[in-house]
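Data block below; observations after.
The values are calculated or read from the model by the stated rules, or taken from the named source; none is laboratory data. Remember, it's a predicted structure, so these values are computed and weren't measured experimentally. Here the Cβ positions follow ideal geometry from the backbone for every residue, glycine too, while neighbour counts run over all protein chains shown.
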Amino acid sequence: MTDARAEAERLLRRFASDTNLLIAGRPMTVLGEGVVAAYLSDMLRGMGARVDGGQSGQDADSTAADRVVFDTDTGAITLGGNPTGGRGDAAGRLDFAAAHMPVSTAIAAELASAGTLAGLSVGVSMTLEPKTANLALLLASAGASVAVYAHPDETDPEVAAALRERGVPVDADADATPDQELAGALAFIDRGFDVLVDDGSHVTRLAHDQRPDQVRRWLGATEETTSGLTPLRAMHAGGALATGVVAVNDAVTKTGFDNRYGTGQSCVLAIADLLDTAGASVRDQPALVIGYGPVGVGVAAHLRALGADVRVSEIDPARALLALHDGYEVGPADALGKDALVVSATGWPGTVGPDLVDAAAAVAVAGGVPHEISWHGGLIAVAPHVDRTTTGTLILDRGGCINVTAAEGNPIEIMDLSFATQLAAIAEVVGTRPSIGVHALSPTAVDHVAATAARVRGVTLAPQPTPASALHSDWRSPRYAVRPDPSETS
Ligand SMILES: NC(=O)c1ccc[n+]([C@@H]2O[C@H](COP(=O)([O-])OP(=O)(O)OC[C@H]3O[C@@H](n4cnc5c(N)ncnc54)[C@H](O)[C@@H]3O)[C@@H](O)[C@H]2O)c1
């Protein structure tokens, strides 16, 4: 039984690592009549795939471009009829990502034909892997001059080289020392930008601290993630913010998909991969997710799909109730974390302290701010990205943002939607020159990104109903419409 589930999980994880594609929403066929096929179908459905299978699965068009077919008898996995696993070198991975980012491509083409970015310079400070490289190329194709920066831990050196070969300057070095790292970040800021695209607001904050003159000449900045917005809002409240920032993270086309589905899939599969190398697994194990924001919701759902017994700890009453209604046991971390895989999804330093680490079986971070977890004493290396404390708890990726530093980041289609939202936000910064502060992306821009994504992904929308203004032109409730008095008609 356990072996069949392990085999099903291995197939699922192989699809994700071969392709870096999203499971949620994807048409998938699972061939085979055995228990592996049944377990695999359940796991994929639990992660949001549209699965058909068994004999009936053979009727589906297995060569449709986005359909994945798992043959549980042979172990073969195909995408659009071709075996997965052939993305090749960094240039090949970049091209593969670009081919699966139609939403960003469409929005960038609109910006190019409108000339929105012509003559402007855009700095991109983000984890440097194939999807970010494609964002830089799309910005360049839309007429901007672009430079890219990434932290050493978040730099894929081969992708950096491939991007330089395609003409984009890259201020990132995976081997930089902390001093070189600071010098590299400042050199990036000193290039001077009209718009800064940031993730975690690290460069935005550094520029405010050490290059305030550069900040003053920006039209504005965009911020990708929750933990980047928190300090920017605090800076604004304290009068320290000196630029307008569009909160890309808060648009539903970002948080509703990237934080929920993307981080859920990529963090949980990275955790399962790492536990596997240490001879452990999430199947049938207790797991505690701390924080039930969009990231925690996705992580909990994906852990449950792989067969973990998931519990949740939350400080926010509405989100704790939501976890309860999603079917999880909810309670304090120290009670629920004993012997469990503990995953922090809070984005707050100090979430998992040394005592909880000692009580847990394994600990990982799905969000990612420094010092989100801490432990007593030193660590003993077990496998790449896996250590053990002196008290025996496995520490995954030393508390790093696990899908970024120990895997290939979020799935491609997820970043396609996030980067389409980024492109819309960059256009909004250019078009509106936002006042100092943190601003929501306009509903019109968010709707446009969502409608573009629905169109390119072949989602047919329901016809528009009668507009509310027409329905309510007579505002009186029909319930109390004046009826003729029956006594007058008799
Ligand atoms: N790795 C990625 O690809 C990726 C993608 C998106 C977001 N993120 C990061 O993930 C983190 C979470 O994102 P989010 O959008 O879900 O954030 P969020 O702020 O919406 O949710 C965090 C939740 O944690 C809860 N919380 C905070 N401290 C807690 C504690 N000590 N115990 C229990 N609950 C606690 C909060 O009440 C909140 O509900 C952020 O750091 C974000 O930047 C990472």
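Odds and ends about this structure:
- Of the criteria (1) at positive phi; (2) crowded, with 24+ Cβ neighbours inside 10 Å; (3) touching a Lys or Arg at 6+ places or on another chain (Cβ under 9 Å), which one Gly192 fails: (2)
- Summed over the stretch 246-257, the residues that are near the ligand (Cβ under 8 Å from one of its atoms) and touching a strand residue (DSSP E or B) at 6+ places or on another chain (Cβ under 8 Å) give a count of 1.
- The set of residues in the stretch 72-95 being touching a Gly at 6+ places or on another chain (Cβ under 7 Å) and either surrounded by 15 or more Cβ atoms within 10 Å (Cβ to Cβ) or under 25 Å from Leu135 (Cβ atoms) (or both) consists of Thr72 alone.
- Unmet criterion (only one of (1) within 19 Å of the chain's Cα centre (by Cα); (2) modelled with pLDDT under 95; (3) over 29 Å from Ala90 (Cβ atoms)) for His376: (1)
- Restricting attention to the stretch 1-43, the residues that are in contact with a helix residue (DSSP H, G or I) (Cβ under 7 Å, 6 or more places away or on another chain), of a type outside the set (A, V, I, L, M), surrounded by 21 or more Cβ atoms within 10 Å (Cβ to Cβ) and in a helix (DSSP H, G or I) total 3.
- The number of residues in the stretch 229-251 being in a helix (DSSP H, G or I) and either among the hydrophobic types (A, V, I, L, M, F, W, C) or over 18 Å from Arg433 (Cα atoms) (or both) comes to 11.
- Note on the stretch 229-245: residues that are within 16 Å of the ligand (Cβ to nearest atom) and over 20 Å from Gly367 (Cα atoms) total 1.
- All conditions in (1) in a loop (DSSP other than H, G, I, E, B); (2) touching a Gly at 6+ places or on another chain (Cβ under 6 Å) hold for Leu356, with the sole exception of (1).
- Gly57 meets each of the listed conditions (1) at pLDDT 95 or above; (2) touching a Ser or Thr at 6+ places or on another chain (Cβ under 8 Å) apart from (1).
- Per the conditions (1) without any contact (Cβ under 8 Å) to a residue 40 or more places away in the chain; (2) β-branched (Val, Ile, Thr); (3) buried (at least 23 other Cβ atoms within 10 Å of the Cβ), the sole criterion not satisfied by Thr393 is (3).
- Any chance Thr105 is among the hydroxyl-bearing types (Ser, Thr, Tyr) and under 12 Å from Asp18 (Cβ atoms): no
- Every residue from the stretch 149-162 that is more than 8 Å from Leu128 (Cα to Cα) and crowded, with 22+ Cβ neighbours inside 10 Å: His151
- Check on Val386, more than 16 Å from the ligand (Cβ to nearest atom), modelled with pLDDT of 95 or more and in contact with a helix residue (DSSP H, G or I) (Cβ under 9 Å, 6 or more places away or on another chain): yes
- Residue pairs whose Cβ atoms lie under 9 Å apart, separated by 6 or more positions or on different chains, with the first residue in the stretch 278-296 and touching a residue at least 24 places away in the same chain (Cβ under 8 Å) and on the phi < 0 side of the Ramachandran plot and the second surrounded by fewer than 19 Cβ atoms within 10 Å (Cβ to Cβ) and acidic (Asp, Glu), are Gln285/Asp309; Gln285/Asp339; Pro286/Asp309; Pro286/Asp339; Ala287/Asp309; Tyr292/Asp316; Tyr292/Asp326; Gly293/Asp316.
- Residue match in the stretch 305-316 (condition: surrounded by 22 or more Cβ atoms within 10 Å (Cβ to Cβ), modelled with pLDDT of 95 or more, among the acidic types (Asp, Glu) and within 29 Å of Asp358 (Cα to Cα)): yes
- A Cβ distance below 6 Å, combined with a sequence gap of six or more or placement on separate chains, defines the contacts here; from the stretch 94-115, residues that are under 13 Å from Leu137 (Cα atoms) reach residues that are among the aromatic types (Phe, Trp, Tyr) and assigned to a helix (DSSP H, G or I) in the pairs Ser104/Phe419.
- Scanning the stretch 87-106 for residues that are among the hydrophobic types (A, V, I, L, M, F, W, C), assigned to a helix (DSSP H, G or I) and within 12 Å of Leu423 (Cβ to Cβ) turns up at least one hit.
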